[in-house]
1. Restricting region 247-258 to residues that are assigned to a strand (DSSP E or B) and within 15 Å of the ligand (Cβ to nearest atom), which is surrounded by the most Cβ atoms within 10 Å (Cβ to Cβ)?
2. For region 166-175, indicate whether the set of residues that are under 23 Å from Glu235 (Cα atoms) and among the small types (Gly, Ala, Ser) is non-empty.
3. If you check Leu176 against the conditions, is it under 28 Å from Phe271 (Cβ atoms) and either assigned to a helix (DSSP H, G or I) or of a type outside the set (Lys, Arg) (or both)?
4. Report every pair of residues separated by at least 6 positions or lying on different chains whose Cβ atoms are under 9 Å apart, first residue within region 81-107 and part of a loop (DSSP other than H, G, I, E, B), second of a type in the set (Gly, Ala, Ser) and more than 14 Å from the ligand (Cβ to nearest atom).
5. Give region 217-229 a look and list any residue that's within 18 Å of the chain's Cα centre (by Cα) and within 12 Å of the ligand (Cβ to nearest atom), or say none.
6. Please enumerate the residues belonging to region 121-155 that are part of a helix (DSSP H, G or I), away from the ligand (no atom under 14 Å from the Cβ) and more than 14 Å from Ile198 (Cα to Cα).
7. Go through region 259-295 residue by residue and tally those that are closer than 16 Å to Leu114 by Cα, surrounded by fewer than 19 Cβ atoms within 10 Å (Cβ to Cβ) and charged (D, E, K, R).
8. Take region 112-158 and flag every residue that is surrounded by fewer than 22 Cβ atoms within 10 Å (Cβ to Cβ) and within 16 Å of the chain's Cα centre (by Cα).
Amino acid sequence: MKRSDYPKLSKPLSMQKLGDWLAGARRALSALPQEPATSLYALAAHTLQQPAYWPQAHPEYELAPDQLETLEHMLQQLLAGEPLPYLLENQSFYGLDFFVNDQVLIPRPETELLVERALNWLGQHPHARLAADVGTGSGCIALSIASHCPQVQLIATDRSFQSLLVARQNRTRLTLQERVDLLQCDLLSSVGSSIDLICANLPYIPSAKLETLDVARHEPLGALDGGPDGLRLIERLLSQARSRLNPNGMILLEIEYSQSESIKTLIWSYFPQASVTIMPDLNQLPRLAIIETGN
Ligand SMILES: C[S@@+](CC[C@H](N)C(=O)[O-])C[C@H]1O[C@@H](n2cnc3c(N)ncnc32)[C@H](O)[C@@H]1O
């Protein structure tokens, strides 16, 4: 049974108190074992503009009709499989809050590994001045790096104008307009040379595999589809990076776990001198290609 096939709830006319609504919503949500009941508290806190703990502490609160209507609408969307961060318009990433909508990939904890490595490398290379985040989406990688590393200027690119609008909103929230440039282009095509560090979490899921994944039903395909083998965009990026990266630069690429061997062959065909390390993510799956390009 697909998530969207779940029966719609009849309108809960008698549920006026928050505690009653939460109890009914919990029963409805039990049809989706993968969705934790805490999602309901988050929806309630968001709708009622209260802190996270508040809904649990105030079951006696009388919901106004418009609040009840909003909560019911969100519950239906959740039951239909809409990811919670899109409903909350928020996702935490590397200790910061990012505005998200359905035009961008929801930032994943796995990608924090890439940011951590980038900051680590920048810390060891205090003369590095320019970093690029290719396929920036919500801007989570570029903006996290910029907020934690004052020495560096960033260029964040995306081919999707809608994504860049989201990134711009996050850049304003974090007051990083002076440090992060947003650019609509194909990969690095409109970026000049002299980049010290390139970070990219590009679409890397092979097209055929994508059809089998639930994520493709809710998040933008343009953020996920990496072509027949998942490596088409990464290969083009490596090709563009050759003339733009400074000697002894660094490239950090998020990859699919099945690509850990094929990516090395690809990297060495563009950067024969490179030292390549593949790091595992929190689930011990290969996730990050760390490329020190050499001279
Ligand atoms: C997997 S999402 C990653 C978003 C964000 N960096 C993150 O880590 O959450 C990939 C992003 O690459 C962008 N993208 C896809 N093809 C691109 C291209 N040819 N040039 C620039 N950006 C591209 C998509 O629009 C999407 O925002």
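Just so you know, all these numbers are worked out from the coordinates, no wet-lab data involved. Since the structure is predicted, the reported quantities are computational estimates derived from the model, not experimental observations. Ideal geometry is used to build each Cβ from the backbone, glycine not excepted, and the neighbour counts take in all protein chains shown.
1. Ranking the candidates gives Leu253 first.
2. no
3. No.
4. Note: pairs meeting the criteria are Gly81/Ser4; Tyr94/Ser147; Gly95/Ser147.
5. Glu219, Pro220, Leu221, Gly222, Ala223, Leu224, Asp225, Gly226
6. Gly123, Gln124, Ser147, His148
7. Summing the residues that are closer than 16 Å to Leu114 by Cα, surrounded by fewer than 19 Cβ atoms within 10 Å (Cβ to Cβ) and charged (D, E, K, R) in region 259-295 gives 2.
8. Once the filter is applied, which keeps residues that are surrounded by fewer than 22 Cβ atoms within 10 Å (Cβ to Cβ) and within 16 Å of the chain's Cα centre (by Cα), region 112-158 yields Glu112, Leu113, Glu116.
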